[in-house]
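Step one of this worksheet: look at the structure below.
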Amino acid sequence: MANPKTKQAILLLLAAVIALVMVLPLVWMLSTAFKNDFEALSGRMDFLPRKPTLDNFKQGLGGELMNTPVLRWIANSLSVGVIGTGLVLLIDSMAAFALARLNDLPLRRVLLPMFIASLMIPGVLTFLPMYMEFNSLGLINTYPALILPATAGAFGVFLLYQFFVSFPKEIEEAGRIDGVNKWQLYARILLPSAVPIMVTLGIFTFMGIYNDFVWPLYATTSPEMRTITAGIAMMATGSYTQSYGKLMAMTTIAALPVVLIFILGQKSFLRAITSAGVK
């Protein structure tokens, strides 16, 4: 039997190695973002730029890069992510409440297995039909085409359903005695109690919408309508194929909103995990 302290030391060492492997690409991205194109293409493994420069960030945010409205791309990604996340939280929470608390809902026992089964369907199978549908409606290269596909999800319904169905019925019955109707039960009792779960779902949803690459790439045709992920991909295959410094600077800027949102919401995220573990 190994000493517990030895086991703990081995686990810490393993965790440190895994963390280093995960952080190393981010460090390299930040380092390259402050290098000029000549130094970035030199092939040297220098994590500290020899001549740090902010020109890559200035040119990107200042609109000096040809046909690359970076600020517009960031605004598109943020607006689509915020609106899509808000719609997901609203629709998924209402659907989960109906499945968990409305006993008179028709086909209630059939709908939940259908939601869970839809999680098994790969997104690539629905990509072409969804594109053809939006194209037939004339919505390609519009904001509805970027927002509507992400307005609801079976994962959010299932996550919130698990919370709503385990909510103490005594509180619900006490509310009904006080004259609370179904809408008030949803809006005033269940939703405030589900804030950590909602924040967790919101973080995952925003990250998924903001980081989505394939759908915005095909659903937009003009540079002004692209999101930041699709825009950087076009830069990487266009005039800036060898401009690693500019590409890494734009990638760094693109990653900042997601990192900030995760930092701000990490307390609610951990609280949701803890409450789920206790239950």
**Study point:** Computed helical MRE - 222 nm, the chain, DSSP H runs ≥ 4 contributing -39500 (n - 2.57), nearest 500
**Key:** -22500 deg cm²/dmol
Check your understanding: For the peptides 117-125, 164-172, what is the packing order when you average, over each peptide's residues, the other Cβ atoms within 10 Å and list the highest mean first?
Key -> 164-172, 117-125
Exercise for review: Find how much the distance from E224 to R109 grows on full extension, using 0.36 nm per residue of separation minus their present alpha carbon separation; answer in nm with one decimal.
Suggested key: 36.9 nm
Review point. Which whole-number percent of Cα pairs in region 4-61 have a distance greater than 19 Å?
Key: 48 percent
Check your understanding: Do you know the Lys pair count in the chain for C-alpha distances under 26 Å, with sequence separation 8 or more or different chains?
Key -> 9
Point to revise | Relative contact order (%) - the chain, alpha-carbon pairs under 8 angstrom, separation at least six | key: 31 percent
Practice item. Could you go through region 109-118 in sequence order and give the Karplus-derived ³J(HN,Hα) for each residue, using 6.51 cos²θ - 1.76 cosθ + 1.60 with θ = phi - 60°, rounded to whole Hz, and x for Gly and Pro? Key: 6, 8, 5, 4, x, 5, 4, 5, 5, 5
**Study point:** Net lengthening on full extension, I83/N3 (0.36 nm per residue, minus Cα-Cα)
**Key:** 23.5 nm
Review point. So what is the accessible area of the chain per residue, in Å², with the probe set to 1.4 Å?
Key: 59 Å²
Check your understanding: Quick one: Cα centre-to-centre distance for region 181-224 and region 134-152, in angstrom?
Key -> 16 Å
Check your understanding: Can you give me the relative contact order of region 1-127 as a percent, contacts being Cα pairs under 8 Å and 6 or more apart?
Key -> 11 percent
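What is the percent carbon and sulfur in the accessible area of the chain, measuring with a 1.4 Å probe over the protein chains and ignoring ligands?
Exposed carbon and sulfur together represent 71 percent of the surface.
Determine the gain in length on full extension of the stretch F262-A236; use 0.36 nm per residue of separation and subtract their C-alpha separation, reporting nm with one decimal.
6.7 nm
The values are calculated or read from the model by the stated rules, or taken from the named source; none is laboratory data. Just so we're clear, the structure is a prediction, and the values are computed from it rather than from any experiment. When we count neighbours, we look across all protein chains shown, and the Cβ atoms used for this are built from the backbone with ideal geometry, even at glycine. All accessible areas refer to the heavy atoms of the entire protein, side chains included, with ligands and DNA or RNA removed. Shrake-Rupley method; radii C 1.70, N 1.55, O 1.52, S 1.80 Å.
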